[in-house]
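Trainee: I have a structure here, written as structure tokens, and I will follow up with some questions on it.
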Amino acid sequence: VGIHDPDGARATDLAVRNGTRAIDVDEAFDPSSVDAVLIASSTDTHATHLRRAAAAGLPTLCEKPIDLDLGHAVEVVSEVGSTGPMMVDFNRRFDRDYAELHRAVRSGEVGNVELVSMTTRGPALPPLEYIAVSGGQMRDQTVHFFDLARWITGEDPESVFAAGSVFTDPRMTELGDVDTSVVTLRMPGGTLVQIDSARRIAYGYDERIEVLGSEGLIEAGRQRVGSVTRYQPGRLVTDGMHAGWFERVAPTYRKALDHFVDALESGTPVGPTLNEALKAQAIAEAATRSLSTGDLETVNYPALATAG
């Protein structure tokens with residue numbers, strides 16, 4: 001239908017490139033002309049837009065998080081959670097390899113899950129202006145893997161321990177953040193999940209997941225830009241990693257959108273839900289506390305999230 005942005009020139013440019021038009025915010029939430037909305041605005045506007053979409057009865061796909069403040073996010077979900085289909089775009093669930101790993105684990109192919117290892121490593125430190133409003137590495141970067149850990153194991157972590165360091169810009173410390181961290185989650189059944197996160201690596205963008213079970217192991221490995229290997233005297237030369245996070249995960253955005261639209265057209269549930277997003281955020285909050293205290297922290301799930 002159209003694109004709204006507070007910067008009219010940006011909205012117009014994007015609209016022209018995609019065969020649509022720039023619209024004002026009232027039309028963006030007008031149920032007489034709009035079937036659903038996608039909220040991809042700045043984080044501090046998500047809650048306001050979710051409320052408005054809910055008031056208009058419009059199904060919504062919202063980029064994470066609902067709000068950086070967990071308490072405020074809970075308030076929003078309590079208000080809008082029963083108004084209609086609401087999905088949070090934890091797009092990593094729609095990665096081809098992660099989806100197959102999830103299917104295999106949940107169908108019992110590796111037996112009882114005992115140890116999960118996850119890696120999320122970016123090529124470069126984002127601008128400090130972004131870091132300052134991002135909520136920190138746990139809430140901004142690692143939260144995707146908190147969601148994946150829940151989704152893959154089918155369990156909600158009971159406790160979390162996090163340790164972090166700064167190896168890039170010393171000003172990160174002044175912002176109360178880290179660029180490199182290791183997090184351990186303990187699940188109710190004893191399963192351990194280890195997640196290493198890095199903001200700056202020298203070789204591209206790197207993600208992987210490995211699940212060890214009582215009857216075997218399954219891995220969604222690192223994705224390279226190609227699969228050609230050159231065999232030369234004394235060495236092998238292979239294709240490297242994607243240059244950035246978007247190049248690596250771009251297909252997942254299309255698949256997430258397809259899921260959202262297909263679910264609305266077929267009347268089937270959308271997901272991840274608002275409640276699932278609250279759970280991932282609660283884990284991130286506990287991990288952030290652990291970074292600060294140096295202690296093992298209990299994950300305190302909001303009452304609203306216990307049913308989702």
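Trainee: Apply 1/(1 + (r/R0)^6) to the Cβ-Cβ distance of ALA202 and ASN300, taking R0 = 41 Å, and write down the FRET efficiency to the nearest 0.05.
Mentor: Between ALA202 and ASN300 the formula returns 0.65.
Trainee: For the range 2-88, just the Cα set please: Rg and Dmax, both in angstrom.
Mentor: 13.1, 39
Trainee: Sticking with this one: Label-point separation (nm) for SER42 and SER227, each offset 7 Å from Cα along Cα-to-Cβ?
Mentor: The answer from the label model is 4.3 nm.
Trainee: Which of (1) 19.9; (2) 20.7; (3) 21.8 is the computed Kirkwood radius over Cα pairs in Å for the structure on display?
Mentor: Computing Kirkwood radius over Cα pairs in Å and matching it to (1) 19.9; (2) 20.7; (3) 21.8 gives (2).
Trainee: In debye, nearest 20, what is the charge dipole magnitude of the chain about its Cα centre with +1 on Lys and Arg Cβ and -1 on Asp and Glu Cβ, if you could check?
Mentor: 920
Trainee: How far is it, in nm, from the label point at ASP258 to the one at THR168 when both lie 7 Å from their Cα along the line to the Cβ?
Mentor: Output for this residue pair reads 3.2 nm.
Trainee: ASP35 versus PHE246, label points 7 Å from Cα toward the beta carbon: distance in nm?
Mentor: It is 2.7 nm.
Trainee: Follow-up. Could you tell me which of rounded, prolate or oblate describes the range 152-308, using a ≥ b ≥ c as the square roots of the eigenvalues of the alpha-carbon gyration tensor, with rounded for a/c under 1.5 and, failing that, prolate when a/b is larger than b/c and oblate otherwise?
Mentor: Oblate.
Trainee: Rounded to the nearest whole Å², what accessible area per residue is found for the chain with the 1.4 Å probe?
Mentor: 48
Trainee: While we're here: Take every DSSP beta bridge with both residues inside the range 110-195 and express the antiparallel ones as a percent of the total, to the nearest 5.
Mentor: The answer is about 75 percent antiparallel.
Trainee: Using 0.36 nm times the number of residues separating ASP7 and ARG21, minus their current alpha carbon distance, what extension gain do you get?
Mentor: Contour length minus Cα-Cα distance gives 3.7 nm.
Trainee: Taking the dipole about the Cα centre of the chain, with the C-beta of Lys and Arg at +1 and of Asp and Glu at -1, give me whichever of SER290, ILE218, PRO126 is farthest to the positive side.
Mentor: Of the options given, the answer is ILE218.
Trainee: Here's a follow-up. Using a 1.4 Å probe over the heavy atoms of the protein chains, calculate the carbon and sulfur portion of the accessible area of the range 131-184 as a whole percent.
Mentor: Carbon with sulfur: 53 percent of the solvent-accessible area.
Trainee: Place a point 7 Å from the Cα of ASN112 along the Cα-to-Cβ direction; which residues of the range 214-238 have their backbone N under 12 Å from it?
Mentor: What the label zone holds, given the 12 Å backbone N cut-off, is 214-215.
The values are calculated or read from the model by the stated rules, or taken from the named source; none is laboratory data. Keep in mind that this is a model prediction, so the values were computed, not measured. Backbone-built Cβ (ideal geometry, glycine too); neighbour counts: all protein chains shown. For the accessible areas, the whole protein counts, side chains as well, though only heavy atoms, and no ligand, DNA or RNA atoms are used. Shrake-Rupley method; radii C 1.70, N 1.55, O 1.52, S 1.80 Å.
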